[in-house]
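Asker: The structure follows.
Derivation of every value follows stated rules applied to the coordinates shown; laboratory data play no part. Here the structure is a predicted model, which is why all the values come from computation and not from measurement. Positions of Cβ are backbone-derived with ideal geometry, glycine not excepted, and every protein chain shown enters the neighbour counts.
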Amino acid sequence: MTYSPKSYTVPEATKKLERYCAYQERCHLEVVNKLRTMRMIPEAVDHITAHLIQHDFLNEERFSRSYARGKFNVKNWGKGRIVAELLRRNISKYNIKLALEEIPEKDYLQKLDLIAKKRLSQIKERNIQKKKKKLADYLLYRGWEKHLIYQKISDLIN
């Protein structure tokens, strides 16, 4: 017996995507990809996407603000990584700018201090240059700005 993927009518797919978007904030790209995996035709994808926007299930500004807050607070990402990931999801520069406003500068610098000190305590390297490099690499990977990283390293390691 051959397997054929389930096909959806437009109303069925719309209800499914309403639940998908209600569960957590989604960006347009995630919704379109989900509809494509459901094997919906392009006209249906456009129709359902328009419906979701119209009924406020899908809101790119709300998504980008929520995404930035979450990645900063939970994953300890810096602004560079957050911007890169939002760009990867085709979020507009305007919405990225709004998203970054969700991160207060004071909290941003406190978080950098906290994670830099925590990571430094975990690095067992004796060579000071290698220790600095390991800390810098760790923070760069998480998207923290170079000038902030080097300032923090010079404050923490003499």
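Asker: Need one number: nm distance between label points at Glu145 and Lys75, each 7 Å from Cα along Cα→Cβ, rounded to one decimal.
Answerer: Each label point lies 7 Å from its Cα, and together they span 2.1 nm.
Asker: Then there is this: Using alpha carbons only, how many angstrom separate the centre of the stretch 66-88 from the centre of the stretch 124-158?
Answerer: 20 Å
Asker: Could I ask something else about it? Using the Cα centre as the reference, give the magnitude of the dipole from point charges on the C-beta atoms of the stretch 1-94 (Lys, Arg: +1; Asp, Glu: -1; all else neutral), rounded to the nearest 20 debye.
Answerer: Computed charge dipole of the stretch 1-94: roughly 520 debye.
Asker: Going by alpha carbons, how many degrees (0 to 90, nearest 10) lie between the helix axis of 105-122 and the longest principal axis of the chain?
Answerer: Roughly 70 degrees, rounded to the nearest 10.
Asker: Can you tell me, using C-alpha contacts under 8 Å and at least 6 residues apart, the relative contact order of the chain as a whole percent?
Answerer: Relative CO of the chain lands at 21 percent.
Asker: Subtract the Cα-Cα distance of Ala22 and Gln54 from 0.36 nm times their separation in residues, and report this length gain in nm to one decimal.
Answerer: 10.1 nm
Asker: Can you find, among Gln54, Trp144, Gly70, the residue sitting farthest towards the positive end of the charge dipole of the chain, where Lys and Arg contribute +1 and Asp and Glu -1 at Cβ?
Answerer: Trp144
Asker: Right, something else. How big is the dipole moment of the chain about its Cα centre under a simple scheme where the beta carbon of each Lys and Arg is +1, that of each Asp and Glu is -1, and everything else is neutral? Debye, nearest 20, please.
Answerer: 1140 debye
Asker: In units of 2.2 N^0.38 Å, what is the alpha-carbon radius of gyration of the stretch 71-158?
Answerer: 1.16
Asker: Can you tell which of Glu102, Glu25, Glu12 shows the greatest fluctuation in a Gaussian network model of the chain with Cα springs below 10 Å?
Answerer: Comparing Glu102, Glu25, Glu12 in a Gaussian network model of the chain, the most mobile one is Glu12.
Asker: Relative to the present Cα-Cα distance, how much length would full extension add between Tyr94 and Ser66 at 0.36 nm per residue of separation?
Answerer: 8.6 nm
Asker: In a Debye calculation with equal point scatterers on the alpha-carbon sites of the stretch 104-150 and no solvent, what is log10 I(q)/I(0) at q = 0.32, 0.33 Å⁻¹?
Answerer: With no solvent term, the Cα-only Debye profile gives -1.27, -1.31.
Asker: Report Rg/Rh for the stretch 27-120, rounded to two decimals, where Rg is the Cα radius of gyration and Rh the Kirkwood radius.
Answerer: 1.11
Asker: Under 10 Å, Cα contacts only: if you run a Gaussian network model on the chain, which one of Gln54, Gln129, Gln24 comes out with the highest mean-square fluctuation?
Answerer: Judging by the Gaussian network model, the answer is Gln129.
Asker: Still on this structure, please answer the following. Specify the angular offset, from 0 to 90 degrees and rounded to the nearest 10, of the alpha carbon long axis of helix 79-88 from the longest principal axis of the alpha carbons in the chain.
Answerer: Taking the Cα atoms of the chain, the angle to 79-88 is about 20 degrees.
Asker: With springs connecting C-alpha atoms under 10 Å apart, model the chain as a Gaussian network and identify which of Ile96, Ile41, Ile82 has the largest mean-square fluctuation.
Answerer: Between Ile96, Ile41, Ile82, it is Ile41 that shows the largest mean-square fluctuation.
Asker: Looking at the calculated P(r) for the stretch 60-100, what percent of the C-alpha pair distances fall above 12 Å?
Answerer: 48 percent
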